[in-house]
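A short worksheet on the structure shown next.
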Amino acid sequence: LYQATYNANGTFSEPTPVSDINSKWHDGPAVVTADGNTMYFASESFKERKQFERDKENNLKVGQVFLFRATKQNGKWGDAQPVPFNDKKWSTGNPSISKDGKTLYFASDREGSIGGNDIWKVEVKGNNSYGEPVNLGPKVNTEGKESFPSITDDNKLYFSSDGRKGFGSLDVFVIDLNKGTEAMNVGLPVNSGKDDFAFNFNNTKNIGFFSSNRDGIDKLYSATPVCGVEAIVMVKDAKTGQPIAVAKVAILDDKNNVIETRTVGADGKVSY
């Protein structure tokens with residue numbers, strides 16, 4: 001696990017390891033609460049004594065991804081403890097925490113999953129105490145694999161899936177949890193013909209960061225949103241209300257200059 005400072009001019013400081021957290025096992029990804037004092041991070045079940053399954057046939061110890069919680073004291077991370085809903089029978093990782101710190105999202109293949117890996121949420125009660133994990137259901141999860149949840153300050157959930165129609169194997173999707181709408185592919189250029197994942201969006205800075213192997217190896221990328229609007233125009237007869245075919249529709253700027261002119265179809269519609 002590394003950290004870098006994102007500067008106002010868009011540059012980054014030299015990445016440095018988070019030495020208080022890193023161990024001899026794989027550590028990360030991580031998420032930090034809004035107050036900066038609590039970190040949830042993924043690591044390996046081998047951190048905990050006897051938290052593995054034994055493959056006797058191949059003489060192997062089979063571990064899982066576990067979630068851990070650490071707190072910051074005097075500027076340093078410490079007191080890393082596993083969350084109580086880990087289990088050596090399944091993986092629990094890729095955390096994301098809501099702005100108010102009361103809901104923790106994570107990815108898991110735990111019992112009750114719809115597919116190979118699902119997005120779950122759990123209520124945070126404090127002092128490493130939690131409610132019962134809840135599966136986000138078929139609006140998010142499929143029979144494929146869903147992972148890398150990331151919740152924004154305005155309650156939009158970004159996640160990656162290989163079980164939905166997309167451009168490549170893993171694509172980034174977003175769902176507005178406030179409105180309960182359907183999950184939507186975020187499209188090009190964030191998604192590509194390769195794996196695109198771990199997308200998170202900063203509402204304050206209006207910038208997203210994500211991972212992709214579009215160049216053959218995993219790299220970090222940044223993305224800024226571009227406003228796009230689809231305008232569907234319907235031309236009707238003012239008296240009868242019937243659509244008028246082959247009518248011309250022009251888009252004007254604020255000085256009445258014609259930007260573009262198109263002809264409607266037989267149904268009287270044209271879209272820009």
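The values are calculated or read from the model by the stated rules, or taken from the named source; none is laboratory data. What you see is a predicted model, and the numbers here were worked out from it, not measured in a lab. Here Cβ is always computed from backbone atoms with ideal geometry, including for glycine, and neighbour counts include all displayed protein chains. The accessibility values were calculated without ligands, DNA or RNA, using every heavy atom of the protein model including side chains. Shrake-Rupley method; radii C 1.70, N 1.55, O 1.52, S 1.80 Å.
Residues in region 202-233 that are touching an Asp or Glu at 6+ places or on another chain (Cβ under 9 Å) and either among the charged types (D, E, K, R) or over 29 Å from Val174 (Cβ atoms) (or both): Arg214, Asp218. Scanning region 107-161 for residues that are farther than 18 Å from Phe41 by Cα, surrounded by 16 or more Cβ atoms within 10 Å (Cβ to Cβ) and among the hydrophobic types (A, V, I, L, M, F, W, C) yields Ile114, Leu136, Val140, Leu157.
Remark: Phe167 falls outside the filter, which requires a residue to be modelled with pLDDT of 95 or more and either within 27 Å of Pro82 (Cα to Cα) or open to solvent by 30 Å² or more (accessible area, probe 1.4 Å) (or both). Residues being surrounded by 12 or more Cβ atoms within 10 Å (Cβ to Cβ) and farther than 30 Å from Ser150 by Cβ are entirely absent from region 209-220. Note on region 177-208: residues that are outside any strand (DSSP E or B) and surrounded by fewer than 16 Cβ atoms within 10 Å (Cβ to Cβ) total 13. A single member of Gly28, Gly36 is exposed (fewer than 11 other Cβ atoms within 10 Å of the Cβ) and small (Gly, Ala, Ser), and it is Gly36. There is no residue in region 79-101 that is β-branched (Val, Ile, Thr) and surrounded by fewer than 19 Cβ atoms within 10 Å (Cβ to Cβ).
Tell me, which residue of region 223-249 that is in a strand (DSSP E or B) and open to solvent by 50 Å² or more (accessible area, probe 1.4 Å) is modelled with the lowest pLDDT?
Step one: list which residues in region 223-249 are in a strand (DSSP E or B), which gives 223, 232-234, 236, 243, 248-249.
If we keep only those that are open to solvent by 50 Å² or more (accessible area, probe 1.4 Å) too, we end up with 232, 234, 236, 243, 248.
Values: Ile232: 82, Met234: 90, Lys236: 92, Pro243: 93, Lys248: 93.
Only one residue fits best here, namely Ile232.
Scanning region 123-145 for residues that are small (Gly, Ala, Ser) and assigned to a strand (DSSP E or B), we see that the one that is modelled with the lowest pLDDT is Gly126.
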